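Here's the structure, in structure tokens; my notes come after.
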């Protein structure tokens, strides 16, 4: 493999083999940092994600008066309590991180001051109405750019508890409401349409919040006292997914992915790959800070393909680009619908995947909410674009491993957003 500042060349791989430890889970890192900031006492977070997105969260918290110590992936945070944040003297910069903007908005809604929060050009195109609506119902006054786009101006203050039914499944919106519920007097309830990742509930309970689940309804009691903790962040399963797919597709490959987060609300990718014949095993599973952690072993072999069930699409939303690549190599191809959310991620991921696969010689049918990718297709090396989107860059690095001839990924530096050492890690197992 050859790399430059903005482009990366991927050559076909003969075999992948070895063991990998992944960077800390982004979703968990964001939540631990935000809750540690408003807890009382010191928290130490081991394995904190070094991705640009999670660094944006830390920088926003520092701007709000939180003292943070960094030693590689060990982070120390001096909690200031629910009422200890201070207004920032400049707009908060979430960078490319929708997670930072949406979830931190729940905390800002409960502050007795005005905050401005925005991000880069990509984030400024991502709609925020889903999070604005419930926070406004709780009493926050929020101004946005036309169409509910960032930046947001959040006038926080006393909040009231609400009973809120999420219009679409969204862990980030659920989290924003639960975080805001910490500042409301009484019980805030959130009803989910479908189960989403539950890292927020686990972290809240771990740090002392009173939170309950009954069926699809979550409730949190306001004015809880959160306490600083020693926390461990498992390896990011979303990052591991690219290597799981690569290990299944490159003939003769065997990969072991160590200390990976195996929270049941995140393992839809494992179940789906197993359902189409993928040799994927979860080993040495144990619990830490309420989260399941273990090793994943993948071995190459034939894959059947088929239609991804609609009900598991929310749990696979981040993995769909690399699954589309996998679809080209299955017996029956791959079809999915219900993923219109991909149109408003860091890029239009449906269009980006379709365009890049066509450049590599594949047939693809594009729908407003999904794709159909016929199976048993040969890919040829090509020059493809990341569209500035880390998951598109990583998905087509996997495609390059199984293509005939070299593949060049333009603007590959965007992997810094979630997995800064992605290409080095890929190099280590080829």
Filter result for residue 197 (modelled with pLDDT under 95, assigned by TED's automatic domain parsing to the domain that holds residue 86 and surrounded by fewer than 19 Cβ atoms within 10 Å (Cβ to Cβ)): no
Scan the helices (runs of 4 or more DSSP H) fully inside segment 204-317 and keep the ones with 3 or more residues being surrounded by fewer than 19 Cβ atoms within 10 Å (Cβ to Cβ). 268-275
Scanning segment 163-190 residue by residue, those surrounded by fewer than 22 Cβ atoms within 10 Å (Cβ to Cβ), within 21 Å of residue 339 (Cα to Cα) and touching a strand residue (DSSP E or B) at 6+ places or on another chain (Cβ under 8 Å) turn out to be 165, 166
Could you please let me know if residue 7 is in the same structural domain as residue 383 (by TED's automatic domain parsing) and modelled with pLDDT under 95? yes
Scanning segment 132-162 for residues that are assigned to a helix (DSSP H, G or I) and touching a residue at least 40 places away in the same chain (Cβ under 8 Å), the one surrounded by the fewest Cβ atoms within 10 Å (Cβ to Cβ) turns out to be 134
Taking segment 341-362 as the search range and keeping residues that are out of contact with any strand residue (DSSP E or B) (no Cβ under 6 Å at 6 or more places or on another chain), part of a loop (DSSP other than H, G, I, E, B) and without any contact (Cβ under 8 Å) to a residue 40 or more places away in the chain, which one is surrounded by the fewest Cβ atoms within 10 Å (Cβ to Cβ)? 348
The listed residue being surrounded by fewer than 21 Cβ atoms within 10 Å (Cβ to Cβ), modelled with pLDDT of 95 or more and touching a strand residue (DSSP E or B) at 6+ places or on another chain (Cβ under 6 Å), out of 77, 68: 68
Could you name every one of the strands (runs of 3 or more DSSP E) located completely within segment 366-430 that has at least 2 residues being more than 22 Å from residue 340 (Cβ to Cβ)? 383-385, 407-410
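The values are calculated or read from the model by the stated rules, or taken from the named source; none is laboratory data. This is a predicted model, so every value here is computed, not measured. Please note: Cβ atoms are built from the backbone with ideal geometry, for glycine as well, and neighbour counts cover all protein chains shown.
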